[in-house]
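Worksheet: one structure, shown below.
The values are calculated or read from the model by the stated rules, or taken from the named source; none is laboratory data. Fair warning: this is a prediction, and the values are worked out from it, not measured in the lab. Positions of Cβ are generated from backbone atoms using ideal geometry, with glycine treated the same way; all protein chains shown enter the neighbour counts. The area values use the complete protein model at the heavy-atom level, side chains included, leaving out ligands, DNA and RNA. Shrake-Rupley method; radii C 1.70, N 1.55, O 1.52, S 1.80 Å.
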Amino acid sequence: MPTSALFAKPLPVVGPSFADRLGEPLRAAPAITKLQINLGLVCNLACRHCHVESSPLKTAATDNMSESTAERVLDWIEKNPAIETIDLTGGSPEMNPHFRRMVSRCRELGRHVMDRCNPTILVDEGTKTGIQYDWVPEFLAEHQVEVVASLPCYLEENVRYQRGKGAYDASIDGLRMLNAVGYGTNPRLQLDLVYNPNGAHLPPPQKNLAEDYHRELGERFGIVFNELWTITNMPIKRWRADLARRGQLAEYMQLLEGAFNPGTVDGLMCRHQIHINSQGELYDCDFNYALAMASQVKGGRLWDLSLGDLESRRIATGNHCFGCTAGSGSSCGGALA
Ligand code: SF4
Ligand code: SF4
């Protein structure tokens with residue numbers, strides 16, 4: 001079946017839909033304190049589980065946030081001091097030419113900035129782009145940016161399965177570069193790692209896995225970091241296609257449905273943040289962005305709206321949302337319960 005036909009079909013659930021399980025519409029919290037910005041879909045990797053389908057084949061000219069959009073977003077941030085945290089994601093956000101401007105201006109404005117960094121980019125030799133990113137660790141340290149580095153496992157085999165040959169060694173080298181400028185040891189330089197499962201199962205308990213990561217990365221490579229966040233794979237885009245190819249999609253959906261945990265609902269990330277894509281268009285989260293499920297707030301682009309328009313807004317949900325409420329829950333900050 002062509003991929004487009006596969007994605008047009010609703011996700012298979014055996015019981016009540018996500019909306020029926022909740023019983024009432026999901027709404028954002030009365031205070032929104034975080035803006036997550038997708039700076040573009042260009043990435044040096046093309047991971048098997050990537051829910052935004054980033055890759056080196058994306059084009060910087062069309063798939064990255066432009067300078068004029070970046071400036072409009074910065075203006076909006078300046079006017080809305082209640083937005084305490086700016087969460088930069090992609091693709092590889094550092095591959096956007098306006099990344100440095102975005103970070104430095106947000107820091108000048110006194111906001112906390114997070115960079116969702118795939119650590120292989122730090123050692124990318126630029127064979128495809130002609131650009132190297134070895135300046136990134138010092139730049140991030142200078143601006144005291146919190147680094148959220150994806151490392152799907154501490155074992156090479158699992159990283160290779162998800163991210164391709166060479167990704168493990170490059171990740172280790174990238175993490176060493178972050179450690180070398182103080183990440184993980186300097187209390188102002190927070191380094192968090194992100195795990196996601198490499199198969200059709202839920203993440204193990206975050207606390208236990210964090211102990212394993214600390215031990216294994218410390219003993220093998222001397223790598224230090226602050227927190228480990230576990231994230232459930234969402235049954236959308238590449239991961240959905242992968243599950244469908246292996247005949248595991250229905251089984252995975254049943255796993256998510258069966259593990260529905262109402263204790264995770266209050267902490268769902270869509271309730272506490274707003275997400276924009278590289279055009280400044282609004283989504284309740286990056287999963288909804290990947291599914292082209294626009295925010296139900298009228299206006300469409302960030303700069304058309306006040307913060308009050310976003311607070312307590314009704315959130316667009318679907319059965320993919322079972323991925324956020326299963327077991328201990330999952331968000332861009334890890335487990336919820
Ligand atoms: S590094 Fe992140 S953005 Fe890039 S392809 Fe992998 S999952 Fe997607
Ligand atoms: S996918 Fe998760 S974060 Fe996004 S709207 Fe659904 S529950 Fe909220």
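Does ASN64 fit the bill of being under 20 Å from ARG100 (Cα atoms), within 16 Å of ligand 2 (Cβ to nearest atom) and touching a strand residue (DSSP E or B) at 6+ places or on another chain (Cβ under 8 Å)?
In short, no.
Residues checked against (1) touching a Phe, Trp or Tyr at 6+ places or on another chain (Cβ under 6 Å); (2) at pLDDT below 95; (3) within 16 Å of ligand 2 (Cβ to nearest atom):
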residue: VAL13; (1), (2), (3): no, yes, yes
residue: PRO56; (1), (2), (3): no, yes, no
residue: LYS79; (1), (2), (3): no, no, no
residue: LEU88; (1), (2), (3): no, no, no
residue: GLY91; (1), (2), (3): no, yes, no
residue: GLU94; (1), (2), (3): yes, no, no
residue: ASP115; (1), (2), (3): no, no, no
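Please determine, by comparing only the residues of segment 189-242 that are under 19 Å from CYS47 (Cβ atoms) and of a type in the set (Gly, Ala, Ser), which one is surrounded by the fewest Cβ atoms within 10 Å (Cβ to Cβ).
The selected residue is GLY199.
Pick from ALA316, ALA335, ALA290: which is of a type outside the set (Asp, Glu), buried (at least 16 other Cβ atoms within 10 Å of the Cβ) and within 16 Å of ligand 1 (Cβ to nearest atom)?
Sole residue among the options that is of a type outside the set (Asp, Glu), buried (at least 16 other Cβ atoms within 10 Å of the Cβ) and within 16 Å of ligand 1 (Cβ to nearest atom): ALA290.
Would you mind stating whether LEU255 is hydrophobic (A, V, I, L, M, F, W, C), within 27 Å of LEU151 (Cβ to Cβ), open to solvent by 40 Å² or more (accessible area, probe 1.4 Å) and assigned to a helix (DSSP H, G or I)?
yes
In segment 273-283, how many residues are outside any strand (DSSP E or B) and under 24 Å from HIS49 (Cβ atoms)?
Number satisfying all stated conditions: 2.
Within segment 262-278, which residues are open to solvent by 30 Å² or more (accessible area, probe 1.4 Å) and either within 12 Å of ligand 2 (Cβ to nearest atom) or closer than 24 Å to TYR289 by Cβ (or both)?
Matches in segment 262-278: ASP266, GLY267, ARG271, HIS272.
I'd like the residue in segment 127-169 that is of a type in the set (Gly, Ala, Ser) and over 29 Å from ASN233 (Cα atoms) and, out of all such residues, is farthest from ligand 2 (Cβ to nearest atom).
GLY130
Evaluate segment 77-91: report whether one residue or more is within 14 Å of ligand 1 (Cβ to nearest atom), in a loop (DSSP other than H, G, I, E, B) and crowded, with 21+ Cβ neighbours inside 10 Å.
yes
Please go through (1) in contact with a strand residue (DSSP E or B) (Cβ under 8 Å, 6 or more places away or on another chain); (2) within 21 Å of ALA149 (Cβ to Cβ); (3) part of a loop (DSSP other than H, G, I, E, B) for PRO25 and return the number of the only condition it doesn't satisfy.
(2)
On the basis of being closer than 18 Å to ASN38 by Cβ and open to solvent by less than 20 Å² (accessible area, probe 1.4 Å), does ARG105 make the cut?
So ARG105 fails the test.
Here are VAL73, VAL52: which of them is in a loop (DSSP other than H, G, I, E, B) and aliphatic (A, V, I, L, M)?
VAL52
So which residues in segment 55-70 are among the polar types (S, T, N, Q) and either in a loop (DSSP other than H, G, I, E, B) or more than 15 Å from GLY40 (Cβ to Cβ) (or both), if there are any at all?
Across segment 55-70, the qualifying residues are THR59, SER66.
Within the set of pairs 6 or more residues apart or between chains, which connect a residue that is touching a residue at least 12 places away in the same chain (Cβ under 8 Å) inside segment 323-337 to a residue that is in a helix (DSSP H, G or I) and within 16 Å of ligand 1 (Cβ to nearest atom) with Cβ atoms less than 8 Å apart?
GLY323/PHE287; CYS324/PHE287; SER330/GLY323; CYS332/ASP286
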